[in-house]
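Input: a single structure, listed below in structure tokens.
The values are calculated or read from the model by the stated rules, or taken from the named source; none is laboratory data. All figures in this text were calculated on a predicted structure; none of them were measured in a lab. Quick reminder, even Gly has a Cβ in these numbers, built from the backbone with ideal geometry, and neighbours come from all protein chains shown.
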Amino acid sequence: MRVSCIELVQTKDPTMIAAQMCVTFVLLSLTLAEEVKLKYKPARKPVRLFTDEELRRYDGSEEELPIYMAVKGVVFDVSKGKEFYGKDAPYNALVGRDSTRAVAKMSLDPADLTSDITGLTKEELDSLETVFKDTYKKKYPIVGYTASRILSADGSPNQDFKPEDQPHFQIKDEF
Ligand code: HEM
């Protein structure tokens, strides 16, 4: 005997009711699971954390290593700007460290080769933002972040940390 949908819905047979409930449950679970998947996308890839010491290795002195430099706690691979940053190149002093202050002031004074931005003028801070955005973020791929950007003063993870967007680069996973 054929049971139409209407008959199935209206049936009082306990087996049928149980079957209907099962079907409804499965359909509901599938729909909700899909919604949860859409709402809670998996966490982003972990980012690489550089200590000062680690960053120092990438100062252009070792031919086989890439050249890294941090600005505002963001570590860029500046290897393709070897003519600026490589060994004996004019801006070599800036690499292997966070040179935020030097970039803001356009200075190569050793005292400015630091991430410390205390006392900078508004013009210097604006200039820093421009060079950060229009030179570094545009030109060089991000490979990680310095501890000062990822961690809070007490060493715990900085809850406000957000990786920089750099959609025009396809960074290979280093992990
Ligand atoms: C006499 C002084 C200077 C001259 C004539 C000069 C000249 C130049 C030139 C021609 C470029 C290349 C622009 C390009 O091809 O994209 C450049 C880039 C740059 N300069 Fe200077 N510069 C001087 C001083 C400095 C100083 C003191 C700093 C200190 C931080 C500095 C930092 C930079 C940076 C960060 C770049 C961007 C390099 C890149 O694209 O990765 N410059 N400069």
**Message:** Can you tell me which of (1) under 22 Å from Gln170 (Cβ atoms); (2) more than 10 Å from the ligand (Cβ to nearest atom); (3) surrounded by fewer than 19 Cβ atoms within 10 Å (Cβ to Cβ) is the one Thr135 doesn't meet?
**Reply:** (2)
**Prompt:** Pick from segment 150-160 the residues that are surrounded by 12 or more Cβ atoms within 10 Å (Cβ to Cβ) and assigned to a loop (DSSP other than H, G, I, E, B): which of them is farthest from the ligand (Cβ to nearest atom)?
**Reply:** Ser152
**Asked** Among all residue pairs at least 6 apart or on different chains, which show Cβ distances below 6 Å where the first residue, located in segment 124-153, is farther than 21 Å from Ile67 by Cβ and the second is among the hydrophobic types (A, V, I, L, M, F, W, C) and assigned to a strand (DSSP E or B)?
**Response** Ile150/Leu49
**segment 97-119 - residue that is more than 10 Å from the ligand (Cβ to nearest atom) and crowded, with 20+ Cβ neighbours inside 10 Å and, of those, farthest from Lys133 (Cα to Cα)** = Arg97
**Prompt:** So which of Arg101, Arg149 is of a type in the set (D, E, K, R) and touching a Phe, Trp or Tyr at 6+ places or on another chain (Cβ under 8 Å)?
**Reply:** Arg149
**Message:** List pairs: first residue in segment 72-91 and small (Gly, Ala, Ser) and modelled with pLDDT of 95 or more, second residue away from the ligand (no atom under 11 Å from the Cβ) and part of a loop (DSSP other than H, G, I, E, B) anywhere in the structure, Cβ distance under 8 angstrom, at least six positions apart or on different chains.
**Reply:** Gly73/Ser115; Ser79/Pro66; Gly86/Gly60; Ala89/Gly60
**Request:** Would you check if there is a residue in segment 141-149 being surrounded by 10 or more Cβ atoms within 10 Å (Cβ to Cβ), more than 11 Å from the ligand (Cβ to nearest atom), at pLDDT below 95 and under 14 Å from the mean Cα position of the chain (by Cα)?
**Result:** yes
**Message:** Residue under question is Pro14, and the condition is that it be modelled with pLDDT under 95, under 22 Å from Lys162 (Cα atoms) and surrounded by fewer than 10 Cβ atoms within 10 Å (Cβ to Cβ); does it hold?
**Reply:** no
**Prompt:** Does any residue of segment 37-60 turn out to be among the polar types (S, T, N, Q) and surrounded by 14 or more Cβ atoms within 10 Å (Cβ to Cβ)?
**Reply:** no
**Request:** Determine which single condition Pro163 fails, assuming it passes every other condition in (1) outside the structural domain of Ala70 (by TED's automatic domain parsing); (2) in contact with a Leu (Cβ under 9 Å, 6 or more places away or on another chain); (3) not hydrophobic (A, V, I, L, M, F, W, C).
**Result:** (2)
